[in-house]
Amino acid sequence: MPLIEDCHVISGQAHLPARINELLESAPITRAVVLRERLNVEFPVLSDRLSRLYGGNENFSDWLNQLVIQSIHLALARPDDLWALDIQRASQPNWHLQGSLGYCAYTDKFAGNLSGVRQRISHLQELGVTYLHLLPFLKPGTPPNDGGFAVASYDEVDPALGNNQDLQTLTKELRAAGISLCSDFVLNHVSHEHKWAVQARAGDTHYQSYFHWAQSAEEVASHEKNLIQIFPNTAPGNFTYIPEVKAWAWTTFYPYQWDLNYTQPDVFAEMTKSLLQLANLGVEAFRLDSTGFLWKRAGTNCMNQPEVHWILQALRCITNIAAPGVLLKAEAIMPTQDLPPYFGLGDTKGAECHVAYHSSLMSASWVALAEENTQIIQDVLSHTPALPDGCAWMTYVRCHDDIGWNVLRPELDARGPDQRARLLHASQFFAGQVTGSYAQGASFQTTDLHTAHGTNGMAAALVGIGSATSEEERNLAIDRLLLLQGLSFFMGGLPLLYMGDEWGLSNTSAEELDTRKGPDGRELHRPYWDDKLAALRQVTGTTQHHLFHKIQQLVQLRKCNLLCHPPYRC
Ligand code: OTU
């Protein structure tokens, strides 16, 4: 059932192709009836969006039918409990907004492996968590692999963390505890060790078509002049020469992450298949990584192209058909003004993602802390649109990435030509380079003292819990963190806590950093969970206790607030 009724295509009794009708006729009657209802709504929208992308291809109709057949087979394979959950959620489109609280962690750092996460469920329940985002747990390429964001197989759990059966057991236990598991789904790129990349390197032209290639240094240069750099220090440029292919692969992120080519319809079909298979293992939400970069258009910065939204809307149709209880979350770390389309607003109107990160609000809250002035938060909020029914911002204070400063450029530029210096100030402040700063963070991807890119560090280190030398300073630092969490909790979206922030877990130690492979500065805020320190949350008088109980109070307050004012909107 679509959450946004108002699509370009009028839905009704869709004319379904004969092969799809035949499949439904041979399917168990109760599922077939429901699937037919869903297809009546979704098939016209799906074929519209996909024909915008692939309609020019000769065999488009056959390909589309095959895609729908694949999705129906996966819907028929959906375990009974998940099928029932789909039906229940379709009748409650705001199910994920009823007092939800998110929590985000690396599986290995939080609990060793997927089975270990089951031992942490009681902790999550103590907090009132309803949504758990475990950072990439699918089979990655050999390190360095961008913390798992270079995926070698979307169909297998990382053997270091368990297997698909462990994943299924975990999702079941979490569900029984009222917690939905969210998995990253890295749509934009794959590891250079993924079988598609391996076959492309071996000369298979079909798999070469799964990637983007530049044939000459001139072609690379002509693209580069329009593109941004995500990791300017550690992975400069957006292309990597692949000697076996004698061409440059498009690699927006690290050289070992090859961007997928969504003009190739098989890429879309294969990725949707993997997503539905994970949904059938009980994954209830997908964090769609780096969505802004999915479509390249020469002469542009290749970000937020309209086709990105046709891809995402088609994906939404597919989940609405085969797993409608599943949530789609856009990870588009873009200025606020670029985000409404990810919720299906604007020129590319149509049901799209349920949730998107509000990264500008997050970064603005840190600038405000450094400036002791809320102006920038107010500017961001004034650019933040109201959302369609069933949609929400994901609000947060910290996550596994750096605090990116550049998303705030539009707000600052609107206030004057000299205002970007405020980002530099914030960056220096949190790196402890400004007189009076209490922060123990570090700048990310810039060694140039005149540019601000991002800031690394755990919240506790950034607000001054680590540098406090007296009770008074410590309380002040805790209050700073609560102030930021309060904003995230009461903005009206779906708040997300980052692992350990509930009791003040600090930066990764210098010794530990030395042992990690690769030079990624973000490891500073990817420490191991510390059971001894975490246990202090039960001991009165400790920082951990103080913080944890205040966070619990915020959670309670939020629940009461929601009970008194449902439904809430921002
Ligand atoms: C995402 O991030 C992930 O969250 C990062 O952990 C990955 O490195 C990256 O994708 C590649 O998979 O631009 O819109 O710190 O904010 O890389 C997506 C920089 C992104 C991240 C950025 C980001």
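Side notes on the structure shown:
- Average accessible surface area per residue within the chain, 1.4 Å rolling probe, Å²: 38 Å²
- Of S443, H73, G464, farthest towards positive along the dipole that unit charges on Lys, Arg, Asp, Glu beta carbons give the chain: H73
- Couplings 3J(HN,Hα) for the range 187-204, derived from phi with the Karplus relation 6.51 cos²θ - 1.76 cosθ + 1.60 (θ = phi - 60°), are 7, 7, 8, 10, 5, 5, 9, 4, 4, 5, 5, 4, 5, 4, 5, 6, x, 6 Hz, where x marks Gly and Pro.
- Förster radius 30 Å - calculated FRET efficiency between D401 and D204 (Cβ-Cβ, nearest 0.05): 0.30
- For the chain, the longest principal axis of the Cα atoms and the long axis of helix 471-490 meet at an angle of about 20 degrees.
- Solvent-accessible area of H73 with every protein chain in place, 1.4 Å probe, in Å² to the nearest 10: 100 Å²
- Counting only lysines at least 8 places from K349 when in the same chain, those with an alpha carbon closer than 19 Å to its own are K329.
- Relative intensity, log₁₀ I(q)/I(0), of the range 480-563 from a Debye sum that treats every alpha carbon as a point, q = 0.22, 0.26 Å⁻¹: -1.05, -1.21
- Calculated P(r) tail over 15 Å for the range 441-494, as whole % of Cα pairs: 59 percent
- Kirkwood-type radius of the range 1-139, with distances r between different C-alpha atoms, in Å: 18.3 Å
- Using a Förster distance of 51 Å, the FRET efficiency for I69-A217 (Cβ separation, nearest 0.05): 0.70
- With the convex hull drawn around the C-alpha atoms of the chain, the volume per residue stands at 152 Å³.
- Projecting the Cα positions of V186, Y396, T252 onto the charge dipole of the chain (unit charges on Cβ atoms of Lys, Arg, Asp and Glu, taken about the Cα centre) puts Y396 furthest along the positive direction.
- Overall form of the range 378-436 per C-alpha gyration tensor (a/c, 1.5; a/b vs b/c): oblate
- In the chain, the portion of solvent-accessible area held by carbon and sulfur atoms comes to 53 percent [1.4 Å probe, whole percent, DNA, RNA and ligands not counted].
- A simple spin-label model places the labels of D530 and Q92 3.9 nm from each other, with each point 7 Å out along Cα-to-Cβ.
- Longest to shortest principal axis, alpha-carbon extents of the range 322-404, angstrom: 48, 28, 17
- Debye, to nearest 20: dipole size of the chain, +1 on Lys, Arg Cβ, -1 on Asp, Glu Cβ: 700 debye
- Helical mean residue ellipticity (222 nm; -39500 (n - 2.57) per DSSP H run of 4+; nearest 500) of the chain: -12500 deg cm²/dmol
- Shape of the range 67-160, Cα gyration tensor, a/c cut at 1.5: oblate
- The alpha carbon gyration tensor of the range 416-570 gives principal lengths a ≥ b ≥ c with a/c of 1.5 or higher and a/b no greater than b/c, which makes the shape oblate.
- Of the residues F60, F343, the one with the largest accessible area comes first in the ranking F60, F343, computed with a 1.4 Å probe on protein heavy atoms.
- Along each principal axis, Cα extent of the range 104-251, largest first, Å: 57, 30, 21
- Inter-label distance, nm, simple model (7 Å from Cα along the C-beta direction), N373/T263: 4.8 nm
- Degrees between helix 359-371 axis and first principal axis of the chain (Cα, 0 to 90, nearest 10): 10 degrees
- FRET efficiency, D514 to E37 (Cβ-Cβ, R0 56 Å, nearest 0.05): 0.45
The values are calculated or read from the model by the stated rules, or taken from the named source; none is laboratory data. Fair warning: this is a prediction, and the values are worked out from it, not measured in the lab. Cβ atoms come from the backbone with ideal geometry, glycine included; neighbour counts cover every protein chain shown. These area figures cover heavy atoms from the full protein model, side chains too; ligands, DNA and RNA do not enter into them. Shrake-Rupley method; radii C 1.70, N 1.55, O 1.52, S 1.80 Å.
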